1. Report the calculated FRET efficiency for Lys210 and Ala162 (r = Cβ-Cβ distance, R0 = 51 Å), to the nearest 0.05.
2. If I take all pairs of Cα atoms in the range 122-275, what percentage of them are more than 27 Å from each other?
3. Would you mind telling me which residue in Gly380, Gly241, Gly181 has the biggest mean-square fluctuation in a Gaussian network model of the chain, where springs connect alpha carbons within a distance under 10 angstrom?
4. Could I have the simple spin-label model distance between Phe355 and Val63, label points 7 Å from Cα toward Cβ, reported in nm to one decimal?
5. As a test question: what accessible area, to the nearest 10 Å², does Asp73 have when a 1.4 Å probe is rolled over all protein chains in place?
6. With an 8 Å Cα cut-off and a minimum separation of 6 or more residues, compute the relative contact order for the chain in percent.
7. Per DSSP helix of 4 or more residues, -39500 (n - 2.57); summed, then divided by the residues of the chain. What does that give at 222 nm, rounded to the nearest 500?
8. Which of the lysines could a cross-linker bridge to Lys98, judged by Cα under 21 Å and excluding same-chain residues fewer than eight apart?
Amino acid sequence: MARLQDKRPYSSFSLLPLGLLNFLIYGTLVIFTAFFQLYLQDIGMDKLEIGSLMAVGPLISLVAHPFWKSLGDQRQNPRAILLVMMLGLLIMGHLVFKVTTFSMLYVTMILLYFFLSPLLSQNNTLTLGYLAETPDQFRTYRIWGSLGWTFIALAAGPIIDAVGHEGSSLLFSVTLMLAIGATLLLPTIRQASQTPWLKGRELRLALKNKYLLVFVLFSLLVAIPNAINTIFMPLFMIDLGGTRLSVGGAVFLSTVFEYLAFILLDRLFKRKLSYLLACTTIVSLLFAIRWDLMSEATLPVHIMLIQLLHSVTFGGFFYVGTKLIALLLPRPLRSAGQAVYTFAASGLASAIAGFWGGWMFQNFGPVVMYRSGVALTLIGALGFAAMWYQIRHHGYSPAMDDQPDAP
């Protein structure tokens, strides 16, 4: 039975808390993503220690995602599961800001990421469950999330500057408690997970596709510098004399045009393999230019302006990447291919970025760190260009499926 839920449609008014929930969850995440590393620096940790702590999350997610998905399938109550996750996150977030030794901080970070890493996917499951019986679209609530990420990032800077480094803990807790309150206002829903379990056979067959493996490898090279920037850009800005307000402004500018970028991408991109590979090559070159500009930045305002490229580079890269996977693999293996791509370009890239970026920043400084990112990105761009040349001149058709749009 795929769905167990009350068929009564929800009114737009009753779903207002759902929009607030998305706004507040994304806002909670941006507080942690953009400002937690500054708190760690305030309490005396060096760049390598900060990077190693931030790298824990993607590794813990390998255990956390299956656990929470299995629990969700058993309980068929995504609202209750999300509440448990947020309550656990609230408790662990409080402890993370209270511990005084590195070893205890590491343990509490592991537990915090256990609740934090699957939060967005569980929120998406809940949102889709409420929208199943309404004319509303998921995109509408994704916009609520983007607004929360954007505007809470902008507001968090001056608040934390005014309160001090304890402001990160206070703001994180208050935003998360408001998200819990919004969840409690939502009507009860019962729904089984709509995401089927991946089978080992599907993953093995997907990994036998050499084009997928090569594409994922080059994507990893491009994604690592982006993850390095996500972790260490706030620290770089502070080193240049910036404030948390300027950090929030940089995050604001990086996402304020995100929605417009996705609309433009939807209209411009064609479902054609060679075309998408050419676009990926170009976006990767833009990434390289972005990291080169970052290596030359000498003022916080320089970084804020460079962050305007984020919507085009990050949005374009991952948008095209997901479209490419659908053309590289036959239909039965596409979910497995997307899982491999997401793990490499998001999870593995972030883990490597934490350790590698922290070591580079600590020992050689931000300029060398960003220039190493330029080198990695250029290698990835050359790899995509080689794939484009190969497919453009020799063609490609995935096994087990007739591809409707030839290169």
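1. In this case the efficiency is close to 0.40.
2. Counting every Cα pair in the range 122-275, those more than 27 Å apart make up 50 percent.
3. Largest GNM mean-square fluctuation: Gly241.
4. If labels sit at Phe355 and Val63, their model points lie 1.7 nm apart.
5. In the full protein context, Asp73 sits at about 50 Å².
6. Rounded, it is 27 percent for the chain.
7. -26000 deg cm²/dmol
8. Within the straight-line limit of under 21 Å, Lys98 reaches these lysines: Lys47.
The values are calculated or read from the model by the stated rules, or taken from the named source; none is laboratory data. Keep in mind that this is a model prediction, so the values were computed, not measured. Cβ atoms come from the backbone with ideal geometry, glycine included; neighbour counts cover every protein chain shown. Just so you know, the surface numbers come from the protein's heavy atoms only, side chains and all, with ligands and any DNA or RNA stripped out. Shrake-Rupley method; radii C 1.70, N 1.55, O 1.52, S 1.80 Å.
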